Amino acid sequence: MSVPAAELVDALRAAGLDRATGVPCGHLAGPWQLYDRAGDLGPAADEGAALAIAAGWELGGRPGVVLCQNSGFGNLVNPLTSLVLACGIPVTVLMSLRGWPDPAGDEQQHATMGTATTAMLDALQVPHAVLAGGAAPEGVGLPVGDVLDRAARARAQRLPFVGLVPRGALGPAADASRPEPDPRAPTRARAVAALLDRVDEDLLVTTTGYLSRQAHHERDRDRTFYMQGSMGHAAAIGLGLAGARPQQRVVVLDGDGALLMHLGTAATVAAQAPPNLVHVVVDNGCYESTGAQRSTSGHLDWAALGRGLGYATVVTDGGVDEALDAALSGPGPALCVLRVRPTPDEVYPRASSGSGLPELTERFRAAAGRPASVTTGGPR
Ligand SMILES: Cc1ncc(C[n+]2csc(CCOP(=O)(O)OP(=O)(O)O)c2C)c(N)n1
């Protein structure tokens, strides 16, 4: 049983929540698309920023709703406690529940938060309710009307409210049409294959979502760290690795949405200036892994950004091969942005589909500890 997305959005609008922000989750694709299509949705870089934007709406008398996944709960906790709760700003959040009710039934990176989400909300004394349907066990959860009644009660007390959405509890938007991408642009597959052709013995850190899956599909290697959770932190892991293994080149494969989620890390990379770090960003203009919702990279001048941040080499033009060659041969840290067209129907299994994340991590740790051969992929 699932609630039609339009029914939920109509109820949210009837409650005065006429706009939406957030970071997408496939389980919330229906309401995301309906608000977006009406011109009432502005994606946020991270869930904490989304909560603060909604707090601003609320302060301005035009409330809205935050749409996010519980993997982003951590990003949201600071403004939830020190802004929204502290100041009494009643923001309404719809948060999808990954890793729940059966943590073993979802991807490994969701298991801890899946179990902890409601306990954390209880600990923070934030009113919350689970929407019935989908993966929710029989008898658990409330219908939409009751969930929104609770949200209204919280609002009246100047408290935030979190509506928790189990997998499959919401239906899709009726028309799931997508904008036509430029057929001349390269694909994710092409960009990732070209990168893997060049990394040889380098250490590679791949970002959350389809990019990690693609890297695993193209060529599984023990020198690749498949970062399946912790969206936005691939470059930080790469920075740490580059410092720990200064004799090895470290390549980070990032997404535009993930990089923008923690853009400050790019400034940290440039400030610390590890000569052995190459930061490759595959920019498809969207959050492809959660349904290809547009991200905020569309208006970005990557060349100006990279230079302004202070990367030693910035490559944002040219074909995939030329761009990668230029970035890999220039002084580090290097930023290389590859613009690709979305191919959301091309999806491969995660690296963790065949083994546990701790086993993959141990495999990488052992490989990272071996010196790279001097003939290939060594330090410059
Ligand atoms: C903190 C957090 N928020 C949201 C998600 C859900 N999520 C997983 S992948 C992804 C999209 C990543 O977008 P991008 O980096 O542009 O890569 P793409 O999917 O387009 O390849 C999102 C939003 C998450 N895993 N973690």
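Points worth noting:
- The accessible surface of the stretch 163-224, taken with every protein chain in place and a 1.4 Å probe, is 49 percent carbon and sulfur.
- Stretching residue 116 away from residue 104 to a fully extended chain increases their span by 2.9 nm, per 0.36 nm per residue minus the current alpha-carbon distance.
- Nonlocal amide H pairs with residue 286, under 5 Å, H built at 1.01 Å: 295
- In the context of the full set of protein chains, residues of the stretch 237-380 present 42 Å² of accessible surface per residue (probe radius 1.4 Å, heavy atoms only).
- Short-range pairs are left out: with C-alpha atoms under 8 Å and at least six residues apart, the relative contact order of the chain is 15 percent.
- Working from label points 7 Å from Cα in the Cα-to-Cβ sense, the residue 263 to residue 247 distance is 3.9 nm.
- A simple spin-label model places the labels of residue 18 and residue 125 3.4 nm from each other, with each point 7 Å out along Cα-to-Cβ.
- C-alpha center-to-center spacing [the stretch 261-311, the stretch 75-100] in angstrom: 26
- Just so you know, the Cα atoms of the chain work out to an Rg and Dmax of 21.3, 68 Å.
- Spherically averaged projected area in nm², based on the convex hull that wraps the Cα atoms of the stretch 220-333: 7.3
- In terms of accessible area, using a 1.4 Å probe and ignoring ligands and nucleic acids, 202, 122 rank largest first as 122, 202.
The values are calculated or read from the model by the stated rules, or taken from the named source; none is laboratory data. All values derive from a computational prediction rather than experimental measurement. A quick note on method: Cβ atoms are made from the backbone with ideal geometry, for glycine too, and the neighbour counts reach across all protein chains shown. Ligands, DNA and RNA are stripped out before the accessible areas are found, and what is left, the full protein with its side chains, is counted by its heavy atoms. Shrake-Rupley method; radii C 1.70, N 1.55, O 1.52, S 1.80 Å.
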